[in-house]
């Protein structure tokens with residue numbers, strides 16, 4: 001009885017949230033055209049994506065920086081891409097943070113590292129996005145806007161940073177998110193380690209790789225870069241990194257290569 005009441009209460013709360021954050025049909029259609037990797041053949045999955053986008057907009061706080069004027073279209077574009085990885089996992093995976101800060105362009109930040117001799121080295125780094133434990137998530141609108149323009153480039157800063165959010169859920173940025181019961185940690189680590197080792201070997205040898213070489217920075221970045229590719233160009237991902245594609249399909253509970261029509265290559 002209590003379980004049924006809780007389910008009914010959650011449904012009423014979600015319905016109210018969607019009513020507060022409705023997405024006009026025209027804006028939603030333009031978003032799907034602008035970012036074709038969001039499109040789904042299955043009507044139920046397509047409806048769920050739109051519903052979760054509204055819920056995301058209701059639960060998160062967007063702010064603009066450096067003079068950027070944040071519009072409804074921009075917020076919907078970010079939200080729709082952010083919920084894609086949790087389409088089957090649920091928005092609760094993002095409960096650990098609230099804020100999303102959008103900058104017009106890359107953000108330059110100061111970094112410092114300590115070497116093996118204890119010396120501190122400072123440098124500047126340009127960031128298209130950044131996710132931190134507890135938030136906020138920072139995004140460059142220029143990079144968000146460029147996603148989906150070139151189907152031959154599996155680049156997506158929103159999916160990348162929200163993959164980091166999933167990775168950080170267990171307290172460590174190590175390429176291992178909270179796993180379902182049917183994926184043993186040993187299996188995840190063996191698959192990811194093997195794919196990462198082969199990938200970094202190619203990068204270090206100077207080979208041209210389809211995945212962004214930035215993924216060789218560490219297994220956390222490899223997980224995020226591979227997650228971008230899984231959703232943006234799943235067909236090439238399945239061809240180039242078959243074992244990892246299969247593992248991701250089980251983790252994300254999605255098979256994007258089978259859920260979308262493959263675009264024609266130019």
* Output the antiparallel fraction of DSSP beta bridges having both residues in the chain, as a percent to the nearest 5. => 60 percent
* Structure fact -> Ordered by fewest other Cβ atoms within 10 Å, a rough proxy for footprinting exposure, 60, 29 read 29, 60
* Could you pull the Rg and Dmax for the chain, using just the Cα atoms, both in Å? => 18.9, 63
* To do: Counting helices only, and only those DSSP H runs with n ≥ 4, report the 222 nm mean residue ellipticity of the chain as the sum of -39,500 (n - 2.57) divided by its residues, in deg cm²/dmol to the nearest 500.
  => -15500 deg cm²/dmol
* Which residue fluctuates the most in the chain, going by a Gaussian network model with Cα springs under 10 Å, if the choices are 238, 34, 198? -> 198
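Give the relative contact order (percent, whole number) for the chain; include only Cα pairs under 8 Å separated by 6+ residues.
Details: 367 pairs, mean separation 43.0, N = 266.
Reported as a whole number, the value is 16 percent.
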* Fewest-first sequence of 33, 165 by Cβ atoms within 10 Å of each Cβ -> 33, 165
* **Tilt relative to the chain, helix 43-59 - C-alpha long axis, 0 to 90 degrees, to 10** => 80 degrees
* Take each of the peptides 156-162, 166-172, 22-28, average the number of other beta-carbon atoms within 10 Å over its residues, and list them starting from the highest. => 156-162, 166-172, 22-28
* Order these peptides, 75-83, 216-224, by their mean beta-carbon neighbour count within 10 angstrom, highest first. => 75-83, 216-224
* Candidates 202, 110, 41, ranked by Gaussian network fluctuation over the chain, Cα under 10 Å, top entry -> 110
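Can you sort 209, 71 from fewest to most other Cβ atoms within 10 Å of each residue's own Cβ?
Result, fewest neighbours first: 71, 209.
Please say if segment 139-266 is rounded, prolate or oblate, where rounded means a/c under 1.5 for a ≥ b ≥ c the square roots of the C-alpha gyration tensor eigenvalues, and otherwise the choice is prolate for a/b larger than b/c and oblate otherwise? Walk me through the numbers before you get to the answer.
Values: a/c = 1.32, a/b = 1.26, b/c = 1.05.
Note, shape of segment 139-266 comes out rounded.
Here, each number is a calculation from the coordinates, and none is a lab measurement. In this text, all values refer to a predicted model and were calculated from it rather than measured experimentally. Every residue, glycine among them, receives a Cβ derived from its backbone with ideal geometry; neighbour counts consider all protein chains shown.
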